[in-house]
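See structure below.
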Amino acid sequence: MTPPSPLAGFEVCPGPLQLFAFSAATGNPHRIHYDRDYATAVEGLPGLLVQGPLLGTWMLELLDRWAQPSGSVESFTYRSIRPVTEGAVLHVGGGVEPSASEPGIAVLETWVRTSDGETVATGRGRVATRTESA
């Protein structure tokens with residue numbers, strides 16, 4: 001079996017403002033994502049936690065970037081594997097392989113990894129790759 005072709009990924013470094021804004025936008029009131037004093041002193045965390053759905057959003061963004069301009073994401077699932085805190089340099093990447101059984105469909109495996117290579121989230125998406133002219 002041929003390994004998937006790598007996707008051109010990107011890096012992110014989530015900070016407190018992004019975590020606060022994402023919590024506000026998604027209605028997540030848990031203070032571990034936006035109140036550093038609470039997260040460290042009360043919960044004993046090393047810093048603010050990055051939301052699992054934010055990790056999923058970055059992986060979905062990678063799929064959408066790959067699909068554009070002529071394709072579309074049909075489905076996407078993800079799983080957070082371990083917590084990650086603010087300020088971590090995160091690499092969003094993955095691989096793609098055309099579906100042997102469904103022409104015009106590609107399956108993309110995605111991941112978010114820390115700068116030391118530890119995987120913190122994984123995902124899988126199906127992308128329709130429309131190549132015919134309109």
Could you look at the chain and say what percent of its accessible area is carbon and sulfur, using a 1.4 Å probe and all protein chains?
56
10 Å binning of all Cα-Cα separations within segment 75-124, expressed as whole percents from 0 upward
25, 44, 22, 9, 1
Relative contact order computed over segment 1-95 (Cα-Cα under 8 Å; 6+ residues apart), in percent
44
Which residues does the label zone of F10 cover in segment 85-125, counting backbone N under 11 Å from a point 7 Å along Cα→Cβ?
92
Pick the calculated semi-axes √(5λ) of the Cα gyration tensor in Å for this structure from (i) 21, 16, 16; (ii) 33, 15, 11; (iii) 31, 20, 9?
(ii)
Say R0 is 35 Å: what FRET efficiency, to the nearest 0.05, do E97 and E43 get from their beta-carbon distance?
0.30
Could you work out the helix-only [θ] at 222 nm for the chain, with each DSSP H run of four or more residues adding -39,500 (n - 2.57) and the total divided by the number of residues, to the nearest 500 deg cm²/dmol?
-6500 deg cm²/dmol
Using θ = phi - 60° and the Karplus relation 6.51 cos²θ - 1.76 cosθ + 1.60, list the HN-Hα couplings for segment 19-34 in order, rounded to whole Hz, with x at every Gly or Pro.
5, 4, 4, 5, 4, 5, 5, 9, x, 8, x, 5, 5, 5, 9, 9
Short version: ³J(HN,Hα) in whole Hz for each residue of segment 44-60, in order, from phi by Karplus 6.51 cos²θ - 1.76 cosθ + 1.60 (θ = phi - 60°), x for Gly and Pro, what are they?
x, 8, x, x, 5, 8, 7, 5, x, x, 5, 4, x, 4, 5, 5, 5
Would you work out which of G93, A8, L49 lies farthest towards the positive end of the dipole of the chain, given +1 charges on the beta-carbon of Lys and Arg and -1 on that of Asp and Glu, about the Cα centre?
L49
Once the dipole of the chain is set up with Lys and Arg at +1 and Asp and Glu at -1 on Cβ about the Cα centre, which of L62, Y38, Q18 lies farthest towards its positive end?
Y38
Could you do me a favour and compute the accessible area per residue for the chain, 1.4 Å probe, result in Å²?
57
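The values are calculated or read from the model by the stated rules, or taken from the named source; none is laboratory data. Bear in mind that the values here come from a model prediction, so they are computed numbers and not experimental data. Using ideal geometry, Cβ is built from the backbone for each residue, glycine included, and neighbour counts are taken over all protein chains shown. Side chains are part of the model used for accessible areas, which takes the heavy atoms of the whole protein and leaves out ligands, DNA and RNA. Shrake-Rupley method; radii C 1.70, N 1.55, O 1.52, S 1.80 Å.
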